[in-house]
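> Quick one: the structure is below, questions incoming.
The values are calculated or read from the model by the stated rules, or taken from the named source; none is laboratory data. These figures come from a predicted structure and were not determined experimentally. So basically every Cβ, Gly included, is an ideal-geometry build from the backbone, and we count neighbours across all protein chains shown. Note: areas computed on protein heavy atoms with side chains; ligands, DNA, RNA excluded. Shrake-Rupley method; radii C 1.70, N 1.55, O 1.52, S 1.80 Å.
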Amino acid sequence: MIDWLTDAFSALQAWFFEAVVQPLVFAVGLGGWTEDAFDATGWLLVGLIQVVVLLAVIGPLQRWRAVEPVTDRRAIRIDVLYTLIHRLGVFRLAMFFTLEPLFDEAIGSLRTAGFVTFHLDEVFPGVTDVPWVAFAIYLVVLDFVGYWIHRGQHQFNWWWGLHSLHHSQRQMTMWSDDRNHLLDDIVHDTLIVIVAQLIGVAPGQFIAFVAFTQLSESLQHANLKLAFGALGERLWISPRFHRLHHSIGLGHESRGAHTLGGHNFGVLLPWWDMLFRTANFEERYDPTGIRDQVEPGADGRLRDYGSGFWAQQWLGLKRMVGRG
């Protein structure tokens, strides 16, 4: 099954590249970048497929079993912008021109120095090198890393200053997953890429991991009253489980008002929350947001997280340095 999907996607990528992307690359005088453009075509296709799934599958589910009525469509439109920036490759294109050369140089230097990348899928030949088994191994390892990154986003003041933008959305929908500060995304993605390189995740497997993770997270953030049952909730993160992570107070505070922390940090699997005692399986669908959006601070004011893309990015930087 994995092989069939990989072959089908590769064929689609080749066709789309030859029919659309390659002529455009040569038309703008960037013929020397064709190999990189081919790789970018894969990410673009993944993003287009994800947007189709959002509109055709998760969107109808939201309308079928909404947790709450939609009252702030402008906030949702800003989230749609974040989604398109991330899923259609704009953010990855910027990363490619700024940070990827640094990654390549660092990895190249390590290999020149004799460092050999460890490949998890080669631990048990004949078993771990089976495509779906290898993918499952990498998924579990990277999900474990993602859990601890998420804990860090809620534990350190400077990081929470950035990540709090994600939690400031009070109108949760399937578009809310990518509502992040760009610097927060850079830190997160850099850490994931480093670990993926160190354990030997192949490029195709990494694209599949990212696509699978993003679609699951879109479902988790949906305005959808859905739980997976007593057993299912402990196997995979549901919209109900993750909504508790966004609940005012409960999701971002561990020891009462104005403390950092929270519950339900898992990205795909609730196992790590269960193991490290951060899981909350209560059957609740609370209002989402951050306490200081609804309770005035010492100055008698509610915190402003911005209503537009650039305002949100600027205020995030100010919070990061303790001035917002």
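> When region 45-59 is examined, which residues are found to be open to solvent by less than 50 Å² (accessible area, probe 1.4 Å) and out of contact with any helix residue (DSSP H, G or I) (no Cβ under 8 Å at 6 or more places or on another chain)?
59
> What are the pairs with Cβ atoms under 6 angstrom where one residue, in region 155-172, is more than 26 Å from residue 71 (Cα to Cα) and outside any loop (DSSP other than H, G, I, E, B) and the other, located anywhere, is open to solvent by less than 20 Å² (accessible area, probe 1.4 Å) and among the hydrophobic types (A, V, I, L, M, F, W, C)? Sequence gap at least six, or different chains.
Once the first residue is more than 26 Å from residue 71 (Cα to Cα) and outside any loop (DSSP other than H, G, I, E, B) and sits in region 155-172, no partner that is open to solvent by less than 20 Å² (accessible area, probe 1.4 Å) and among the hydrophobic types (A, V, I, L, M, F, W, C) comes close enough.
> What are the residue pairs meeting all of these: first residue in region 242-264, first residue of a type in the set (S, T, N, Q), second residue open to solvent by less than 40 Å² (accessible area, probe 1.4 Å) and outside any loop (DSSP other than H, G, I, E, B), Cβ atoms under 6 Å, and 6 or more apart or on different chains?
If the second residue must be open to solvent by less than 40 Å² (accessible area, probe 1.4 Å) and outside any loop (DSSP other than H, G, I, E, B), the pairs left are 264/241; 264/244; 264/245; 264/273.
> Scan (1) within 17 Å of residue 179 (Cα to Cα); (2) open to solvent by 40 Å² or more (accessible area, probe 1.4 Å); (3) free of Cβ contacts under 8 Å to residues at least 24 places away in the same chain for the single condition residue 275 breaks and write down its number.
(1)
> Ok, one more. Somewhere in region 91-107, is a residue at pLDDT 80 or above and out of contact with any strand residue (DSSP E or B) (no Cβ under 6 Å at 6 or more places or on another chain)?
Yes, because at least one residue in region 91-107 is at pLDDT 80 or above and out of contact with any strand residue (DSSP E or B) (no Cβ under 6 Å at 6 or more places or on another chain).
> State which residue is surrounded by the most Cβ atoms within 10 Å (Cβ to Cβ) when the search covers only region 281-305 and only residues that are assigned to a loop (DSSP other than H, G, I, E, B) and either of a type in the set (A, V, I, L, M, F, W, C) or within 21 Å of the chain's Cα centre (by Cα) (or both).
290
> Mind checking whether some residue in region 32-40 is surrounded by 12 or more Cβ atoms within 10 Å (Cβ to Cβ), touching a Phe, Trp or Tyr at 6+ places or on another chain (Cβ under 6 Å) and either touching a residue at least 24 places away in the same chain (Cβ under 8 Å) or outside any helix (DSSP H, G or I) (or both)?
Checked against the condition, which is being surrounded by 12 or more Cβ atoms within 10 Å (Cβ to Cβ), touching a Phe, Trp or Tyr at 6+ places or on another chain (Cβ under 6 Å) and either touching a residue at least 24 places away in the same chain (Cβ under 8 Å) or outside any helix (DSSP H, G or I) (or both), region 32-40 yields at least one hit.
> Is it true that some residue in region 134-142 is free of Cβ contacts under 8 Å to residues at least 12 places away in the same chain, of a type in the set (Ser, Thr, Tyr), over 20 Å from residue 313 (Cα atoms) and open to solvent by less than 20 Å² (accessible area, probe 1.4 Å)?
Checking region 134-142: not a single residue is free of Cβ contacts under 8 Å to residues at least 12 places away in the same chain, of a type in the set (Ser, Thr, Tyr), over 20 Å from residue 313 (Cα atoms) and open to solvent by less than 20 Å² (accessible area, probe 1.4 Å).
> Another one. Mind checking which residues of region 76-96 are without any contact (Cβ under 8 Å) to a residue 40 or more places away in the chain and within 15 Å of residue 214 (Cβ to Cβ)?
84, 90, listed by residue number.
> From 227, 208, 134, grab the single residue that is outside any helix (DSSP H, G or I) and aliphatic (A, V, I, L, M).
227
> Looking only at region 41-68, count every residue that is aliphatic (A, V, I, L, M) and outside any helix (DSSP H, G or I) and tell me the total.
Number satisfying all stated conditions: 2.
> Same structure again: Exactly one of (1) closer than 21 Å to residue 215 by Cα; (2) open to solvent by 70 Å² or more (accessible area, probe 1.4 Å) is unmet by residue 73. Its number?
Of (1) closer than 21 Å to residue 215 by Cα; (2) open to solvent by 70 Å² or more (accessible area, probe 1.4 Å), only one is false for residue 73: (1).
> Additional query: So, of the residues in region 157-183 that are among the aliphatic types (A, V, I, L, M) and surrounded by fewer than 22 Cβ atoms within 10 Å (Cβ to Cβ), which turns out to be nearest to the chain's Cα centre (by Cα)?
Out of the qualifying residues, it is 182.
> Determine which single condition residue 142 fails, assuming it passes every other condition in (1) part of a helix (DSSP H, G or I); (2) at pLDDT below 95; (3) under 28 Å from residue 272 (Cβ atoms).
(2)
> Please indicate, with yes or no, whether at least one residue in region 238-248 is small (Gly, Ala, Ser), in a loop (DSSP other than H, G, I, E, B), open to solvent by less than 20 Å² (accessible area, probe 1.4 Å) and closer than 23 Å to residue 44 by Cα.
Taking every residue of region 238-248 in turn, none turns out to be small (Gly, Ala, Ser), in a loop (DSSP other than H, G, I, E, B), open to solvent by less than 20 Å² (accessible area, probe 1.4 Å) and closer than 23 Å to residue 44 by Cα.
> Keeping to region 306-324, report how many residues are open to solvent by 50 Å² or more (accessible area, probe 1.4 Å), touching a residue at least 12 places away in the same chain (Cβ under 8 Å), in a loop (DSSP other than H, G, I, E, B) and farther than 22 Å from residue 254 by Cβ.
Summing the residues that are open to solvent by 50 Å² or more (accessible area, probe 1.4 Å), touching a residue at least 12 places away in the same chain (Cβ under 8 Å), in a loop (DSSP other than H, G, I, E, B) and farther than 22 Å from residue 254 by Cβ in region 306-324 gives 2.
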